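Colleague: Have a look at the structure that comes next, please.
The values are calculated or read from the model by the stated rules, or taken from the named source; none is laboratory data. A quick note: this is a predicted structure, and the numbers were derived from the prediction, not measured. Glycine also receives a Cβ, built like all others from the backbone with ideal geometry; neighbour counts cover every protein chain displayed.
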Amino acid sequence: MWLLFAFFWSMLVSLIAPIVAPTDPDNLASLLHNANVAEALSRLSPNTLFAETALAALNPSTRSLGVVLSSQLQGAISAPLPFAESLALIWPQVTGLIAAAIGLFTIAYVAFQRQEVRA
């Protein structure tokens, strides 16, 4: 599982995203939709979730963890975010990492309990 997510997931995302959301080079909406689909697929990987979490927590100048258009940056204050706002920015990633850990622990525990152990 770790090798899949660490090495091959980005390649799989780059193959799956154009199939799910085809792009038209002349249409900005289709390009943006494709980028959002690729980002959502890459966020299924714990490596991506951890990288985004570490980036936002350790770099207070991070404002967003997704696709940002230049029109959205107009009028933005360039001061670093306080830690509470950085935590609010990464809350979905932290929740996903914790939920994945609990889910994997539950699966492993149930599999262990179903094994017949003889002394």
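Colleague: Kindly check whether there is at least one residue in segment 28-47 that is more than 23 Å from Ile16 (Cβ to Cβ), out of contact with any Cys (no Cβ under 7 Å at 6 or more places or on another chain) and of a type in the set (Asp, Glu).
Modeller: no
Colleague: Collect the residues in segment 24-49 that are farther than 16 Å from Leu69 by Cβ and either surrounded by fewer than 16 Cβ atoms within 10 Å (Cβ to Cβ) or of a type in the set (Phe, Trp, Tyr) (or both), keeping them in residue-number order.
Modeller: Across segment 24-49, the qualifying residues are Asp24, Pro25, Asp26, Ala40, Leu44, Asn47.
Colleague: Scan segment 22-60 for residues that are within 17 Å of Gly96 (Cα to Cα) and either assigned to a helix (DSSP H, G or I) or in contact with a Phe, Trp or Tyr (Cβ under 9 Å, 6 or more places away or on another chain) (or both) and report the count.
Modeller: Looking only at that region, the number is 18.
Colleague: Same structure, new question: Quick one: which of Ala56, Ala100 is in contact with a Pro (Cβ under 7 Å, 6 or more places away or on another chain) and either in contact (Cβ under 8 Å) with a residue 40 or more places away in the chain or farther than 18 Å from Ala6 by Cα (or both)?
Modeller: Ala100
Colleague: Has segment 66-88 got at least one residue that is assigned to a helix (DSSP H, G or I) and among the β-branched types (Val, Ile, Thr)?
Modeller: No.
Colleague: I've got another one for you. What's the number of the only condition in (1) surrounded by 10 or more Cβ atoms within 10 Å (Cβ to Cβ); (2) among the small types (Gly, Ala, Ser); (3) over 26 Å from Leu4 (Cα atoms) that Ser70 fails to meet?
Modeller: Checking Ser70 against (1) surrounded by 10 or more Cβ atoms within 10 Å (Cβ to Cβ); (2) among the small types (Gly, Ala, Ser); (3) over 26 Å from Leu4 (Cα atoms), the one that fails is (1).
Colleague: Is it the case, given these coordinates, that Ser64 is surrounded by 11 or more Cβ atoms within 10 Å (Cβ to Cβ), among the hydroxyl-bearing types (Ser, Thr, Tyr) and at pLDDT below 85?
Modeller: It is true that Ser64 is surrounded by 11 or more Cβ atoms within 10 Å (Cβ to Cβ), among the hydroxyl-bearing types (Ser, Thr, Tyr) and at pLDDT below 85.
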